[in-house]
Amino acid sequence: MNENASVRIGGASAIATRDREVTGPNGSTDQAIAPKADIDLLQFVGAIWRGKFRIMLCLVIALMGGIYYGLKVAVPKYAAVTELAIQARDNQVIDMESVMSGVSTDQSAINTELRVIKSRVLLERLIDELNLDEDKEFNPFLTPPSGLSIGGVYNWVSEMSQAYLPVSLPPRPEPEPPTEEDIAIAILDSVRSVIGVTAERQTFVLTILAITTDPQKSALISDTLAQIYLEDQIQIKFEATEFAVNWLSGRVAELELELQDKEDEIRELRSDTELVSVQALEALGVRAKDIRERITEAQEETVLAREAIEEMKLLAAQGDLAAILEAFPDATLGRLAPDALEGDETARAAFLSRFETMQRRQEVIVTRTEAQYEALKSSYDRLNKQIASQNEDLVVLNQLVRESDATRVLYQTFLARLKETSVQISLQRADSRILSMASPGQKVEPKLRVLMMMSIILGGGFGVAWVLARQFMHSGFRTAEELEQVTGYSVLGQIPRIPIRRRRGLLEYLRDKPTSVAAEAVRNLRTSVLMADMENPPQVIMSTSSLPGEGKTTQSLSLTQNLAGLGKKVLLIEADIRRRTFTEYFKEKPKGGLVGVSMGEIPLEEAILRDDRIDADILMGDKSSINAADFFASQEFRGFLDDARTKYDYIIIDTAPVMVVPDARVIGRSVDSVIYTVLWDKTARVQVQSGLRQFSTVGVKVAGLVLSQIDPKGMKKYGYGGKTGAYAHYGSGYYDS
């Protein structure tokens, strides 16, 4: 392959200048680690498509598990339905809504009836009637506890600890036996859980559904509960009517006695008073008015009579006969007046005698009028007292009459209602009726089709989650693009997994198969490294990685063999003097090593190893009491490199992993190019980023990355076989296997 050709294989490019340089410590520059790009939706779709066989496997397993559960494990259950119809309240023979508790037709009343059917009272009657407390399906205390219960697991662990451990668990305290109330509540909850009550929309039809493990049992429970519900309605109405009859009977008796007492009081009042009627009281009023008028007249006459006497006395004292005759004209005085006025003393005396007689007569009139006044006044007072007394008695009588009338009306009303209620007792019927009895239950659980669909959905979902988790939660790198995207460094090459059993077969494989995918990948890596900087091509190249076993030594040997194949003089140095893995690739053991040569203990020519599989000089590592990091930082090692630069065209240094020891960072300051190896699909992202960051902290610039030990089958399995150059299906014709 031409070295000036494209240096990207499987997407790796050495000439690509995507990497960005940032100023590092000591003024050096380093490539910035690029942020991770957003996940593309096509990645999800592609991952799901590539994992279709895993998804199908999960789907089939879940489907078979669901079918097995439905056919072998799940307990079949059967549903039976009884239908009820609510009767309208206005169909009753006698309207007793004030006494009876009928069922209304509004939605609230229907919902209430649904709750009544599943009430504790009716369910307890159902349990007693069908002896459901003796059924294991409803009485959990009839079944011994499962070995998977908390107590069973504890006992098993206790037995195992006693048998195999020196210290055993203390015995589990025996649980307190359940009370009758606990058992009753548990049975009630179990029965309630298998019963469902619904109302059909826009109708007055109620549906009672029972689901049990036996079809006959389901029908029996549904029908029995419906019958209990109807009997309960009749019983409630009967009790309400009976209570009303008893209450009305007592109330009627009380009202009868009360009415009799009122009538007795009226009779006693009428017998104890002189009151005949209201008309007699009105006549007494008229009489009192007449007497009052006569009293007024008598009082006026008395006043006039007294005034007349006073005037007579005054005139008699004056002796003026003419004035007397003028004030009190009298026939006798008129006959005597002329003689008396002419001076006849006899006539005058007779005149005055007559006037005195008139005075005495007037005094008699005054006495009589006063006596008449007093008599009328006394009679008036007595009459007023009689009127007042009879008026009070009349008020009391009227009150008693009104109370008696009211009591009579109430008595008659309650007596009529009592008769109606007594008749209603014999006419009681339920507010609902059974439309259809339940037939033997139909199997409703498990629904195999639904179970299969759920199994398919769950299995498919689990499979998709599994595939996506494998795809997007792995910590390694599968493509050069992914590696470049995460780190921001260019990928110089992609080395496939070489099909050899032992490390010693590496060089034979590359020598014997010069046109294999691995050999071409090494050539592309060589081209990328050498052409990364055309003006100053690297002479000293260091190969390192994050951790051991990532292929950096394989890469160093392959790159050395490839450079030597160009007719160049190449020196391969094993700088991993702590592990010294070169002995696994070469049988011969040299006389000296890197430390001895650098310290001048042995000439380079004597320590160099030559192998016919690789046309290059090999300098292995050797043991030393000097700390490896201190050795590589010494002036002797740098002087050795400077001397080697004058003797060789290229120097390849295989170093220890950067995440394990600091050797690579120390050596990196003395080389021209650093190649960082990443194990395909294994090396964690955080390890790669941490290793690159360690180089950046000491100002060592990494030339690029190498994705090593790529599995072509794995690439195709993950869906990258169509876009990875030599590993694509269209590249098979260009390379030997």
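Here Pro514 passes the criteria (1) more than 30 Å from Phe640 (Cβ to Cβ); (2) surrounded by fewer than 23 Cβ atoms within 10 Å (Cβ to Cβ); (3) in contact (Cβ under 8 Å) with a residue 60 or more places away in the chain except the one numbered (3).
Asp533 fulfils the conditions (1) assigned to a loop (DSSP other than H, G, I, E, B); (2) in contact with a helix residue (DSSP H, G or I) (Cβ under 7 Å, 6 or more places away or on another chain) except for a single criterion, (2). Is it the case that Ala244 is in contact (Cβ under 8 Å) with a residue 40 or more places away in the chain, open to solvent by less than 20 Å² (accessible area, probe 1.4 Å) and over 38 Å from the mean Cα position of the chain (by Cα)? When the stated conditions are applied, Ala244 passes them.
Selection over the stretch 445-478 of residues that are farther than 18 Å from Gly65 by Cα, touching a Phe, Trp or Tyr at 6+ places or on another chain (Cβ under 8 Å) and at pLDDT 85 or above gives a count of 1.
Just so you know, in the stretch 360-403 the residues that are of a type in the set (Asp, Glu) and farther than 22 Å from Lys313 by Cβ include one that is least open to solvent (accessible area, probe 1.4 Å), and it is Asp393.
Answer with yes or no whether Glu508 is in a helix (DSSP H, G or I), open to solvent by 10 Å² or more (accessible area, probe 1.4 Å), of a type in the set (Asp, Glu) and free of Cβ contacts under 8 Å to residues at least 12 places away in the same chain. No; evaluated as a whole, the condition is false for this residue. With respect to the conditions (1) assigned to a helix (DSSP H, G or I); (2) closer than 30 Å to Val45 by Cβ; (3) of a type in the set (D, E, K, R); (4) in contact with a helix residue (DSSP H, G or I) (Cβ under 9 Å, 6 or more places away or on another chain), Glu482 falls short on a single one, namely (4).
For Lys568, the stated conditions hold: it is under 19 Å from Asp643 (Cβ atoms), charged (D, E, K, R) and in a loop (DSSP other than H, G, I, E, B). When the stretch 627-661 is filtered for residues that are touching a Ser or Thr at 6+ places or on another chain (Cβ under 7 Å) and over 20 Å from Thr560 (Cβ atoms), the ones remaining, listed by number, are Phe631, Glu636, Arg638, Val658, Met659. Taking the stretch 433-467 as the range and being open to solvent by less than 40 Å² (accessible area, probe 1.4 Å), of a type in the set (A, V, I, L, M) and either part of a loop (DSSP other than H, G, I, E, B) or under 30 Å from Tyr676 (Cβ atoms) (or both) as the test, only Ala438 passes.
To keep it simple, each residue is scored yes or no on (1) in a loop (DSSP other than H, G, I, E, B); (2) open to solvent by less than 10 Å² (accessible area, probe 1.4 Å).
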position	(1), (2)
Ile577	yes, no
Lys589	yes, no
Val597	no, no
Glu601	yes, no
Glu606	no, no
Arg610	no, no
Ala616	no, yes
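Restricting attention to the stretch 358-372, the residues being without any contact (Cβ under 8 Å) to a residue 24 or more places away in the chain and of a type outside the set (S, T, N, Q) number 5.
Scan the stretch 490-500 and give yes if some residue there is at pLDDT 85 or above and in a helix (DSSP H, G or I), otherwise no. Within the stretch 490-500, not a single residue is at pLDDT 85 or above and in a helix (DSSP H, G or I).
All of Phe355, Phe351 fail the test of being touching a residue at least 12 places away in the same chain (Cβ under 8 Å), surrounded by 15 or more Cβ atoms within 10 Å (Cβ to Cβ) and touching a Phe, Trp or Tyr at 6+ places or on another chain (Cβ under 8 Å), apart from Phe355.
Any idea which residue in the stretch 649-667 is nearest to the chain's Cα centre (by Cα), counting only those that are in contact (Cβ under 8 Å) with a residue 60 or more places away in the chain and open to solvent by 10 Å² or more (accessible area, probe 1.4 Å)? Across the stretch 649-667, the extreme among qualifying residues is Met659.
In the set Glu176, Glu137, only one residue is in contact with a strand residue (DSSP E or B) (Cβ under 7 Å, 6 or more places away or on another chain), more than 28 Å from Glu239 (Cβ to Cβ) and at pLDDT 70 or above; that residue is Glu137. Going residue by residue through the stretch 680-699, is there one that turns out to be part of a loop (DSSP other than H, G, I, E, B), aliphatic (A, V, I, L, M) and at pLDDT below 65? Looking for residues that are part of a loop (DSSP other than H, G, I, E, B), aliphatic (A, V, I, L, M) and at pLDDT below 65, one finds none in the stretch 680-699, hence no. Residue under question is Gly567, and the condition is that it be open to solvent by less than 10 Å² (accessible area, probe 1.4 Å) and small (Gly, Ala, Ser); does it hold? For Gly567, the condition - open to solvent by less than 10 Å² (accessible area, probe 1.4 Å) and small (Gly, Ala, Ser) - is not met.
Among the residues of the stretch 202-209, is any assigned to a strand (DSSP E or B), at pLDDT 90 or above and surrounded by 19 or more Cβ atoms within 10 Å (Cβ to Cβ)? Within the stretch 202-209, one or more residues are assigned to a strand (DSSP E or B), at pLDDT 90 or above and surrounded by 19 or more Cβ atoms within 10 Å (Cβ to Cβ). Considering the stretch 57-103, the residues that are out of contact with any helix residue (DSSP H, G or I) (no Cβ under 7 Å at 6 or more places or on another chain) and among the polar types (S, T, N, Q) include one that is modelled with the highest pLDDT, namely Gln87.
Scanning the stretch 671-689 for residues that are open to solvent by less than 30 Å² (accessible area, probe 1.4 Å), of a type outside the set (Val, Ile, Thr) and more than 13 Å from Ile495 (Cα to Cα) turns up Ser673, Ala684.
The values are calculated or read from the model by the stated rules, or taken from the named source; none is laboratory data. What you see is a predicted model; the values in this text were computed from it and never measured. Ideal geometry is used to build each Cβ from the backbone, glycine not excepted, and the neighbour counts take in all protein chains shown. Side chains are part of the model used for accessible areas, which takes the heavy atoms of the whole protein and leaves out ligands, DNA and RNA. Shrake-Rupley method; radii C 1.70, N 1.55, O 1.52, S 1.80 Å.
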